[in-house]
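Working notes, beginning with the structure itself.
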Amino acid sequence: MKRKVAIVGCGGIARVHAQAVHNLEGAELCAFADCRLERAEKLAAQYGEAGAGTYEGLEEMLADAKPDVVHICTPHYLHVPMAMKVLESGGSVFMEKPPAISREQFAQLEHAEAGSVGRLGVCFQNRYNASTKKVDELLREGSLGKVEGGRAFVTWNRGADYYQGSDWRGRWETEGGGALINQSIHALDLLLRWLGEPDVVEASMGNHHLRGVTEVEDVTEVYLGFPGGERACFYATTAYVADEPVLIELACEYGSVRLEGERVTVRYSRGEEAVFLLKTGPAAGKSYWGCGHEACIGDFYRSLERGTSYANDLDSVANTLKVMMRVYESAGIRDRV
């Protein structure tokens, strides 16, 4: 029997989720909710099963459609309150990033999942990119030795129209931040995947090209120090003129490995070099997001079917969420707006 699946929040990213669920054999899209009903109706017409319901609110949808799984694709500040309602109803949740916009929200989410029969997964899809998996493989085989440091760069473009066309982006209260929490959380997540939990987080933030348009940062720079002496630098901006592939490089004991979009380059200290051109599959959204959405969502449903743990559960994203909060606290930008 197929799982009944619903989506709440039917904007741009919801289409990516709907397409991935539509391609799964063991799931059917039975309900769509959005405060703008016409958006729910449009998504239902494209991806919904015959007779799929459309709703203006989550609670009405839960009571009427009784979905097994709900995908939360709403503005950031609604992620946790809505996930809690679904978990309280006994359903499972697959939520867009970020998993929370504060420490308090994250603690509430952990408590809600612990008291529910439902399961929760977070959409950190870049963990599923072929380039990510290649770096995992290269580090695991051991020829590069220990990771000693890393650097990451995200240089994207978000103009005034991106924020002015939204009633929630660009505000601390509803977005929770800017270039870090929205655009570059995935790059931070991967950097921490390979370096672990830092004991030093020092950061600065600014708003350069959209001052007066948004409250939130359009540039973030971070220094990370780790217990074993490893060091990392992180830079993210939405003030560039184009959306370039994310670059992450790890300095290792016997060489280095660089991930840049779908290209992985390995350089060994002895002078050898290898380049791997990789592709997960067609990107469901913007290509520079990575191509891992379908694999990430499919893995969540397999974990539900088999009753096994999910790679992107709350425990697995806790370090990224905690470090992100420490970055904002270190930068102190919230106190200056």
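From the P(r) of segment 1-145, could you give the percentage of C-alpha pairs in the tail past 26 Å? Before the final figure, lay out the partial values.
Numbers: 2972 of 10440 pairs.
Roughly 28 percent, rounded to a whole number.
I'm checking a number: the convex hull volume of the Cα atoms of segment 71-168, normalised per residue, in Å³. What is it? Intermediate values should be presented prior to the final figure.
Details: hull volume 16.5 nm³, N = 98.
For segment 71-168, the hull spanned by Cα atoms encloses 168 Å³ per residue.
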Residue of Gly229, Gly26, Gly176 that the Gaussian network model of the chain assigns the largest fluctuation, springs spanning Cα pairs under 10 Å: Gly229
Kirkwood-type radius of segment 18-102, with distances r between different C-alpha atoms, in Å: 13.1 Å
In Hz, Karplus ³J(HN,Hα) per residue of segment 203-213 (6.51, -1.76, 1.60; θ = phi - 60°; x = Gly, Pro): 8, 9, 9, x, 10, 9, 9, 10, 4, x, 9
Most mobile of Ala311, Ala274, Ala239 in a GNM of the chain (Cα contacts under 10 Å): Ala274
Where labels lie 7 Å past Cα in the beta-carbon direction, separation of Ser166 and Asp136 in nm: 2.8 nm
Residue-count net charge about Val5 - beta-carbon cut-off 10 Å; Lys, Arg +1, Asp, Glu -1: 0
Rounded to whole Hz, the Karplus (6.51, -1.76, 1.60) HN-Hα couplings of segment 92-103, x for glycine and proline: 9, 10, 10, 10, 5, 6, x, x, 5, 10, 7, 4
Gap separating the Cα centres of segment 1-50 and segment 189-264, nearest whole Å: 34 Å
Surface share of carbon and sulfur [accessible, 1.4 angstrom probe, percent] for segment 99-222: 46 percent
Accessible carbon and sulfur surface of segment 1-71 relative to its total accessible area, %, 1.4 Å: 45 percent
Shape parameters for segment 144-248, alpha-carbon atoms, Rg then Dmax in Å: 14.8, 48
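Accessible area per residue of segment 140-206 at 1.4 Å probe, in Å²? Present the calculation step by step, with values, prior to reporting the outcome.
Details: 2600 Å² over 67 residues.
Dividing the accessible area of segment 140-206 by its residue count gives 39 Å².
Per residue, how much accessible area does segment 1-104 have with a 1.4 Å probe, in Å²? Mind showing how you got there, number by number?
Working: 4420 Å² over 104 residues.
Per-residue accessible area for segment 1-104 comes out at 42 Å².
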Top of Leu247, Leu139, Leu277 by mean-square fluctuation, Gaussian network on the chain, Cα under 10 Å: Leu277
Charge context of Pro245, other residues only, Cβ under 10 angstrom, K/R +1, D/E -1: -3
At q = 0.10, 0.14, 0.16 Å⁻¹, base-10 log of I(q)/I(0) for the chain (Debye sum, equal scatterers on each alpha carbon): -0.60, -1.17, -1.45
Candidate lysines - alpha carbon under 29 Å from Lys2, same-chain residues fewer than 8 apart omitted: Lys42, Lys66, Lys85, Lys97
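The values are calculated or read from the model by the stated rules, or taken from the named source; none is laboratory data. Quantities reported herein were computed from a predicted structural model and do not represent experimental measurements. We place every Cβ from the backbone using ideal geometry, glycine too, and count neighbours over all the protein chains shown. Surface areas here come from the heavy atoms of the whole protein model, side chains and all, with no ligands, DNA or RNA. Shrake-Rupley method; radii C 1.70, N 1.55, O 1.52, S 1.80 Å.
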